[in-house]
Structures are given as structure tokens and as C-alpha cells.
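What follows is a set of notes on a single structure, which appears directly below.
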Amino acid sequence: MLEKMEENFDPETIIEEFEALSKDAERVQRETLKKILEENGETEYLQRSGLNGRTDPNSFKAFVPLVTHKDLEPYIQRIADGDNYNPSILTSKPITTISLSSGTTQGKPKFVPFNDELMESTMQIYKTSFAFRNREYPIGNGKALQFIYSSKQFKTKGGLTAGTATTNVYRDSQFEKTMKAMQTPCCSPEEVIFGPDFHQSLYCHLLCGLIFQDQVQVVSSTFAHSIVHAFRTYEQVWEELVDNIRNGILSSHITVPSIRLSMGKILKPNPILADKIYEKCMGLSNWYGLIKELFPNTKYVYGIMTGSMEPYLNKLRHYAGGLPLVSADYGASEGWIGANVNPKLPPELATFAVLPNIGYFEFIPLKEGLNGQEPVGLTEVENGEEYEIIVTNFAGLYRYRLGDIVKIKGFHNSTPELQFICRSNLLLSINIDKNTEKDLQLSVEAAAKLLSEEKQEVVDFTSRVDLSTDPGHYVIFWEISGESNDIVLEKCCNCLDTSFVDAGYVSSRKVNAIGALELGIVKKGTFHKILDHYVGLGAAVSQFKTPRCVGNTNSVVLQILSTNLLKSYFSTSF
Ligand code: AMP
């Protein structure tokens, strides 16, 4: 199928294919389930379920249990250890690659199986959303400035290649072909994408972007955080970049030989370009419109901007200076789910149309009163309702609770359009209070408004529950852009406390069953240290999501936060 798509990669054909699939979503789902179960019916996992060759949705639900990653861990570990023979454990075709999910939510990376079918669905989703994007924002032949990074790959005990899902994708030859077919090859040579040092790769991505500045059509990354991070770095290093272009000499702190060699082929002395960039930067006020100025032919900025990326939107809009922000698709290391087929919607309203042939999807209703109800099928969901999503795919996951909550925002033909709401695990909870990452984000947004009145911004944030005090209390950590001002930060702290509207929290605060909320201000650069820590663990910057709550067992991150703590404020609101 992929080859067929490669040959006729005509956006209109891709749209027609998607229209056909989405018009017939129910049948496509049944067939997809049948195909998955027929292919893998002989595996140890499905044999044990007692499914006994049945392939219909009802039997599937009756015999195969809902599972979390923890339930599958022993199976995946055996695969990673090389025990994948006769019968195969999760899939009939041996798994040759393992993906490491970013793990920023749980604190440690999880292993999930990766195979050719996942690669194929990745390309299907990329092409589908590209086709819809291209209708609204056609791009000419040019390049994409992509802030993408690979993580280290290693061999598991059983000799399987393991790396983050994005790394597995970038390493696959299909990726480059697809990028070329989309007319937007990456500005940077692959030595930069695959470089072993993320700081050096980032610097060179920026340099390549500047060298090809008039060819750049799209500025993108997997998650929006990487774009914001890149341009914050640009603010620090731009004069050095301009010098490199003027003299045609790469800075000496770029030490990786393969990167130096590949950059040497494209970096030539260019004083005219250096002057042009210098003038543009000097002409900007507080870096507003930086992306548009530097890359005047850019049609849009692209990356995942929903969920835990929403807090970066303000800054991204500031850098983009009026260029459209287009939110990228919805998926996970475990597999893709939906494509953004309405690219004109602002990221806050972005939805994802489920591709009914890339997996079998079920939804646990979360509506009050329906708790504990059986999951419903893809085409049985109700508009406006929230669900926890369950994935069955071609890579050995059967009825797998991904851990995400989505809301149905209408249908594209008969396939639902999902809005990402949040991870399903509660972030902050001490007794009867229940707050998710979305609740925390809303509270931070409300308080950050007070800070913006002072022309300052929250660079990044996280939280924890502190049970060492009696009663326990929430601690929210902020890195802010300017100098701290006690009066404003005291107000922010009170606002954070009162902006949690969850009845359990409010009532507990009133009777002091939860103590005063603490706002901790950390030194500038603290969140970079947290990112560096995760990268050191094998996470890829491309998939990095700041953990919005630090568990009490995550001692390294807690240590980074406490050693960088400048000052704490306690709420006086209740
Ligand atoms: P990873 O662990 O890196 O595979 O991350 C997968 C998780 O990232 C998903 O389960 C979601 O929670 C989140 N995610 C992925 N795509 C999106 C999106 N478009 N919007 C919001 N969150 C997303």
C-alpha cells in the first residue's frame, strides 16, 4: 500500500482515499479488527485469551481484557529479551524494533513494539494531513526547517533495536522519501538530525535554516515545545550564527566530526546574507515576528500544539508574527490515531479525524452515570461526550488503554473528530480533590495573566504534591522571564489557588484539609536542566513533554527543582 502511495502521491488522491475510508468507518473498523486478529490469532497472547479464531467485535470484547502498559510489560520484556519464537508472543511476525515512549509523564521510558505496519500508518497519517493542509496552504518546492532530533538507539538483550518512536521513524528510508514527496526536505543534513549532542544539532538546525532562509516553506517540529525552545536559543546565539555565515566558519563548540563535515559542505562565507539577517534581527521589537522575518516564504508553522503543548502557544504566536499555526496529528509511540484534516482551525480548537484502517478503536464513556460502562466502538461515540481511548493495533497491542481522554467534536463523514483533552491520570490529588493536567494548565493560565500585565511570562511550569507538611499541599513551580516582584507573585500564588475550581479541592482548602498552595520560583534555565536530564535517560528532544507533575519518587527532577528554587510564596486565599 505504501508503495502505491509513493507512486501516486497526489494530495487529491490521498484525500479521496481518506474520504472513502471515513464514509465507511464502521465496516473499515470491522475489517481492520478481522485483519489484525487473523494475522495474529496464533500468538501466545491471543491463544491464551480463548478467542479461538473469532474475529468479530463482540467476541473480541468478550474474550480479550482491557489492559494497561503495566499488564503488557512482561510480554514486551520477553520480546526485548529475544524470546519471540514459536509461538510468537504478541504478533505473528517477529518484532524487530522497540520504541521508547517519551516517558516524561511517568518519569521513565516505556517499551512498546514498533513494526513496519506502524511505519506505514505513520506515513499514511503524515500524507493525509499534508494533503488537507496543502489545500489550504499550498507550498511550492522548497525546504522545511524541522527541529527534529534523534535519540540514541541501542540493542536490547535480545538484539532488537530500541529507540524513541520518532527516531525509529526518522531512521526509516520511507521518512525521507515521504518528506521529498511533500516537496519539503529538511534544511539540515541527516548528520545534524542524528547527531549525538542535541545542543550542537539545535545550533546547526538554526544555521541551516538561515543559510536556506529564502527557501524555507515550513517551520516545524514534532511537538511545539521544540520550536519555542529553538527560537529562545536563537535569541541567545543569533550574533554567533550571523558571524558563522559572514566568515563561512562553523563555531568551534560544534565538535562532532560528522556534523562539522556535513555543515562544511553548505556553510560558505556570505557577508550579504549575514548583513541581511543582522538588520532583520535589529529591527525586531522583543523578537515579535522572528519566524516570519527570518524565513519570509514560510507558509505556516507546524507541530503538535494541543494538550501539554498549549502553554507554549502564546510564545509561538509571538515568534510567528501572524503566520498560521497548524497543529499536527494525534498519536503516540503506541501508534497513530487521527489526522488534522481541518488545518485552518486555531490550535486551541484542533481536532483529529480517526483513520479507521490503522487500528481498532474503542472508547470508555466518561459521562456522569456511565462510569463502569462497556467501551463503545468508533462509530458509536456521541458528539460532545468525553471518552478514554483504547487501542488495538497491528503491532501487538490489544485493547490497550493509552491513558488519554478525548472529546468528540463532530464527525468527518462517519469517523469521529477527536479533541485531545488530557492524560487520564490525575496529576494533583491529596484527598477528595481531583485535578488533571488541563486543570493545572487553566489555573496557570489565569495566574500568568497577572504576570503578563508586568510584561513577564511563565517560561515553563510543573507541580508536585507535598505531603511532608500536615496537611499536604500543592506546589507549583514557575520559571519566569523577568525578575521576581514579590507583590505580583503573591497575587499570582493566590490566583493559582483560587483558580482550581474542582469542588473537592475548594472544600478541602476551606476546612484546611489541604494546606495553602505554594508557588516556587526557580532559576532561569531550570527547565533546560530537566530536559537535559530526560535526554540523558534516552528520551528524544523531539518527543519531549515537560512533566506537569513530578512524582515523589522522581528524585532527580525534584532535586533539580529544589536546588534551583529561588523563592516560595504561600497562598492566603482561603
Ligand atoms: P509519547 O509517550 O511520546 O509516545 O507521547 C504520546 C502522548 O503524547 C499521547 O498519549 C498524548 O498524551 C500526547 N499527544 C500526542 N499527540 C498529541 C496531540 N496531537 N495533542 C495532544 N497530545 C498529544
The lone condition GLU483 fails out of (1) assigned to a loop (DSSP other than H, G, I, E, B); (2) within 16 Å of the ligand (Cβ to nearest atom); (3) at negative phi is (2)
All conditions in (1) over 31 Å from the mean Cα position of the chain (by Cα); (2) touching a residue at least 40 places away in the same chain (Cβ under 8 Å) are true of GLY264 except (2)
Subset of region 124-151, residues touching a helix residue (DSSP H, G or I) at 6+ places or on another chain (Cβ under 6 Å) and surrounded by 23 or more Cβ atoms within 10 Å (Cβ to Cβ), comes to LYS127, THR128, LEU145, PHE147, ILE148, TYR149, SER150, SER151
Taking region 391-435 and keeping only residues that are polar (S, T, N, Q) and out of contact with any Pro (no Cβ under 7 Å at 6 or more places or on another chain), one is left with THR392, ASN393, ASN413, SER414, GLN419, SER424, ASN425, SER429, ASN431, ASN435
Reported set for region 515-549 where residues are modelled with pLDDT under 95, part of a loop (DSSP other than H, G, I, E, B) and crowded, with 22+ Cβ neighbours inside 10 Å is ALA539, ALA540, PHE544, PRO547, ARG548, CYS549
By residue number, the members of region 383-399 that are within 11 Å of the ligand (Cβ to nearest atom) and closer than 20 Å to PHE111 by Cβ are VAL391
If we ask which residues in region 152-162 are touching a helix residue (DSSP H, G or I) at 6+ places or on another chain (Cβ under 9 Å) and part of a loop (DSSP other than H, G, I, E, B), their number turns out to be 6
Those residues of region 155-173 which are of a type outside the set (Ser, Thr, Tyr) and either within 16 Å of the ligand (Cβ to nearest atom) or within 17 Å of SER542 (Cβ to Cβ) (or both) amount to ALA162, GLY163, ALA165, ASN168, VAL169, ARG171, ASP172
Of the candidates SER101, SER173, the one satisfying the condition of being without any contact (Cβ under 8 Å) to a residue 60 or more places away in the chain, within 30 Å of LEU531 (Cα to Cα), hydroxyl-bearing (Ser, Thr, Tyr) and surrounded by fewer than 23 Cβ atoms within 10 Å (Cβ to Cβ) is SER173
| task | Could you tell me whether TYR203 is buried (at least 24 other Cβ atoms within 10 Å of the Cβ), within 16 Å of the ligand (Cβ to nearest atom) and modelled with pLDDT of 85 or more? | result | no
Among residues of region 78-107 being in a loop (DSSP other than H, G, I, E, B) and either within 16 Å of the ligand (Cβ to nearest atom) or aromatic (Phe, Trp, Tyr) (or both), the residue modelled with the highest pLDDT is SER101
Note: among ASP439, ASP404, just one is in contact with a Gly (Cβ under 9 Å, 6 or more places away or on another chain) and either surrounded by fewer than 19 Cβ atoms within 10 Å (Cβ to Cβ) or modelled with pLDDT of 90 or more (or both), namely ASP404
Of (1) surrounded by fewer than 19 Cβ atoms within 10 Å (Cβ to Cβ); (2) of a type outside the set (D, E, K, R); (3) not in a helix (DSSP H, G or I), ILE254 fails just (1)
Looking across region 534-569 at residues that are within 17 Å of PRO311 (Cβ to Cβ) and more than 16 Å from the chain's Cα centre (by Cα), the single one that is farthest from the ligand (Cβ to nearest atom) is VAL550
Of the residues in region 370-399, those that are assigned to a strand (DSSP E or B) and touching a residue at least 40 places away in the same chain (Cβ under 8 Å) come to GLY377, ILE389, ILE390, VAL391, THR392
Filtering region 339-367 for residues that are assigned to a strand (DSSP E or B) and either more than 8 Å from the ligand (Cβ to nearest atom) or surrounded by fewer than 22 Cβ atoms within 10 Å (Cβ to Cβ) (or both) leaves a count of 9
Of (1) within 29 Å of PRO269 (Cβ to Cβ); (2) of a type in the set (S, T, N, Q); (3) at pLDDT below 85, THR166 fails just (1)
Of the residues in region 400-434 that are outside any loop (DSSP other than H, G, I, E, B) and of a type in the set (S, T, N, Q), the one that is nearest to the ligand (Cβ to nearest atom) is GLN419
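A quick yes/no check of all residues on (1) without any contact (Cβ under 8 Å) to a residue 40 or more places away in the chain; (2) exposed (fewer than 14 other Cβ atoms within 10 Å of the Cβ):
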site	(1), (2)
PRO11	no, no
ILE15	no, no
PHE18	no, no
ASP24	no, no
VAL28	no, no
LYS34	yes, no
LEU37	yes, no
TYR45	no, no
ARG48	yes, yes
Checked region 191-211 for anything of a type outside the set (A, V, I, L, M, F, W, C) and either at positive phi or touching a residue at least 40 places away in the same chain (Cβ under 8 Å) (or both); matches are GLU191, GLY195, PRO196, ASP197, GLN200, SER201, TYR203, HIS205, GLY209
Taking region 464-504 and keeping only residues that are of a type in the set (Ser, Thr, Tyr) and either modelled with pLDDT under 95 or under 28 Å from the mean Cα position of the chain (by Cα) (or both), one is left with SER468, THR469, TYR474, SER481, SER484, SER499
Only one of (1) under 20 Å from PHE147 (Cβ atoms); (2) out of contact with any Lys or Arg (no Cβ under 6 Å at 6 or more places or on another chain); (3) free of Cβ contacts under 8 Å to residues at least 40 places away in the same chain does not apply to GLU293, and that is (2)
Taking region 291-338 and keeping only residues that are of a type in the set (D, E, K, R), within 16 Å of the ligand (Cβ to nearest atom) and assigned to a loop (DSSP other than H, G, I, E, B), one is left with ASP329, GLU334
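The values are calculated or read from the model by the stated rules, or taken from the named source; none is laboratory data. None of the values given here were measured: they were computed from a predicted structure. Don't worry about glycine lacking a Cβ; one is built from the backbone with ideal geometry, like all the others, and counts go over all protein chains shown.
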